[in-house]
Every structure is written in structure tokens, then in C-alpha cells.
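Worksheet for the structure shown next.
We did not get these values from a lab; they are worked out from the coordinates using the rules stated. Worth saying up front: this structure is predicted, and the values here are computed from it rather than measured. Positions of Cβ are backbone-derived with ideal geometry, glycine not excepted, and every protein chain shown enters the neighbour counts.
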């Protein structure tokens, strides 16, 4: 591959979708794969359009990678260390070399704040501990569920899960004053028990949480949901001076997925909105088309 025109940072669903679009627009595109995107944690997704019996996160990423490479996108393992404006484009540092590109798409996602449970990674892989009730709340129907929270968001997530089951308990692991009286009142109104205690121990079996222990008592649950939030990967965007949303620190973009920095676009979970694969791929399609059209215009290849 000659020098790429466009650098995509991140090889999750958003980055790989954009790579396919841009490659089919006959653009030279390089995807920097920083490894282990959030989607690889998905044991089985049942709300991915087109897969009625479900599909694993690894399978989703494998299919998307094959599709992008089919049309000539190059995917390179490595983390982008820095991106700086450079004339009419950008200079990016990747694997010890400088790349000069005309546009950048940030598809860097977020990192989950996992609950303080031993073996939590294994529990997520076995779908015992879950992080997205929008994705898989349906599978919690009529089951006994615990929500681990540290503030009012825990109450909100527990209330959402009442769509599927009445057996929802909120375990508040944050400071006592982080759960205000209004949130406690809402939990009471919705008949959501609230336990104000740190989790002391947890025992997992293959398909359920045998016990969460707090205050010297063991409680059993079928599923545990984490409502501890995420951390957006905005280091590169912050260094570029891109505008961040004050509410959650994620990137703000316009209707074409453009950030406040000309030539820098963003899609997926790092952008304010719903953390869903379907949303990420839609945003990536919009961003890729906008990038292609912006470069066409810069080259005088559009109708005036």
C-alpha cells in the first residue's frame, strides 16, 4: 500500500465499517488496531441485526475485518501514539514511523469500569456479569438480577431492568452520600431494594452467581449488571483540541460525524449517544461518506 489517505484509529465495529466504506470509495485507508475492542467481550449478541439466533463478538469482528480487507483496507496492529496537524492534513505516529494522512477517523471507543469482583473477566465471558441491559436485558426476563452501582445511575439501570423482571436488587458500592434522597425515593417507589454495602466476596458457577456477600450475608442471583459507567478513550482527541461533552467527556460531533477539529471525524462509543453496535456502524457509514465527499471537494471533483 502506498501512503494512506485516511487513518482510522480503532478496529472495532465503527472503525471496520468505515474502513469497508472508504475502501469501496476507492480510498487508501489504514486502520490502526490497538487490540481488544469492547465488542470482543460480547459472549453472544442477540440484537445484532441479521443474526436471529445470535452471534459472538469475536465473530462479528472477524466478519467485519474480512469485509474491509476484501476491498483493500489495510489493518495494522499497533497503537497510534500521537496525531498532530500537518499542513493540509495530519501526521500520526504509529509503530515507530510517521504517517502523513489527509483525514482521521477516531473510532477508539470507551473502557468499562468493571465491578470489584474477583474473576470478573471470566464472569463477563460467561454472560453472568453483564454491562449493557439495552443489549441483553431480554435475556434477564423473569430472572433474579443484581445491579452494582455507585450513584444515581444504578437506580436508573435497575429501573430499566424492571422491564424484564421484578426481582431486581441494587447494590450501592459508592459513598453513602453519592446516592441522594431523590434517587432512594425513586427506588422505593419502584420497589427496588437498595443494599448500601461493599461487596465482600463473590462465588461464581458456570451459569450463575452463587453468592454475593455483604454484611456477612450471602445472596444468590442469576445475573449481575454493572452500572459503574465507562471511560472514553479521548487522549488523542484531547491533544488535538477537539471539543468534549461536559456531561460525560465524550466527543461532540456534527451531523456528519465531524469533530470541532477540521479533518477529524469520530464514530462509535467515543461519541455521545447510545453505545450500540448498530449505532456505531451507522455513524461510521455517515463519517466515511462525509470524509470521501470532503476530499472530493478539496480535489475539485464535485459539482459547483
inquiry  = Using alpha carbons only, how many angstrom separate the centre of region 26-65 from the centre of region 91-135?
reply    = 12 Å
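Dividing the alpha-carbon radius of gyration of region 1-159 by 2.2 N^0.38 Å (N being the number of residues), what value is obtained?
Normalised by 2.2 N^0.38 Å, the Cα Rg of region 1-159 equals 1.24.
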task = Select one label from [x] 1.19; [y] 1.11; [z] 1.05: the one whose number is Cα Rg over 2.2 N^0.38 Å as derived from the coordinates shown.
result = [y]
query = How many Å³ per residue does the convex hull of the Cα positions in region 114-227 occupy?
reply = 87 Å³
inquiry  = With only alpha-carbon atoms in the gyration tensor, what are the semi-axes of the equivalent ellipsoid for region 35-126, in Å, largest first?
reply    = 31, 19, 11
note = With -39,500 (n - 2.57) per DSSP H segment of 4 or more residues and division by the full residue count of the chain, the 222 nm estimate, nearest 500 deg cm²/dmol, is -8000 deg cm²/dmol
ask   = Using every alpha carbon pair in region 153-202, what percent of pairs falls into each 10 Å bin from 0 up to the bin containing the largest distance?
value = 26, 56, 18
request  = Round to the nearest 10 and give me the degree value, 0 to 90, for the angle of helix 277-298's Cα axis relative to the longest principal axis of the chain.
outcome  = 20 degrees
query = When only C-alpha pairs under 8 Å and at least 6 residues apart count, what is the relative contact order of region 114-227, in percent?
reply = 32 percent
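Using only Cα atoms, figure out Rg for region 78-138 and give it as a multiple of 2.2 N^0.38 Å.
On the way: Rg = 18.6 Å, N = 61, 2.2 N^0.38 = 10.5 Å.
Working it through for region 78-138, the quotient is 1.77.
Counting DSSP beta bridges with both partners in the chain, what percentage is antiparallel, nearest 5?
45 percent
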ask   = Among 137-145, 80-88, what's the highest-first ranking by average C-beta atoms within 10 angstrom per residue?
value = 137-145, 80-88
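For the chain, what's the relative contact order in percent, using C-alpha pairs closer than 8 Å and at least 6 residues apart? Don't jump to the answer; show the numbers that get you there.
Working: 641 pairs, mean separation 58.4, N = 304.
Relative CO of the chain lands at 19 percent.
Please report, largest first and rounded to whole Å, the three semi-axes of the ellipsoid equivalent to region 209-304, where each semi-axis is the square root of five times an eigenvalue of the C-alpha gyration tensor.
Working: eigenvalues 343, 48, 13 Å².
In descending order the semi-axes read 41, 15, 8 Å.
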ask   = What order, most packed first, do the peptides 239-245, 123-129 have when packing is the mean number of other Cβ atoms within 10 Å of each residue?
value = 123-129, 239-245
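Percent antiparallel among DSSP beta bridges with both residues in region 114-227, to the nearest 5? Walk me through the numbers on the way to the answer.
Values: 8 of 23 bridges.
Counting only bridges with both partners in region 114-227, antiparallel ones make up about 35 percent.
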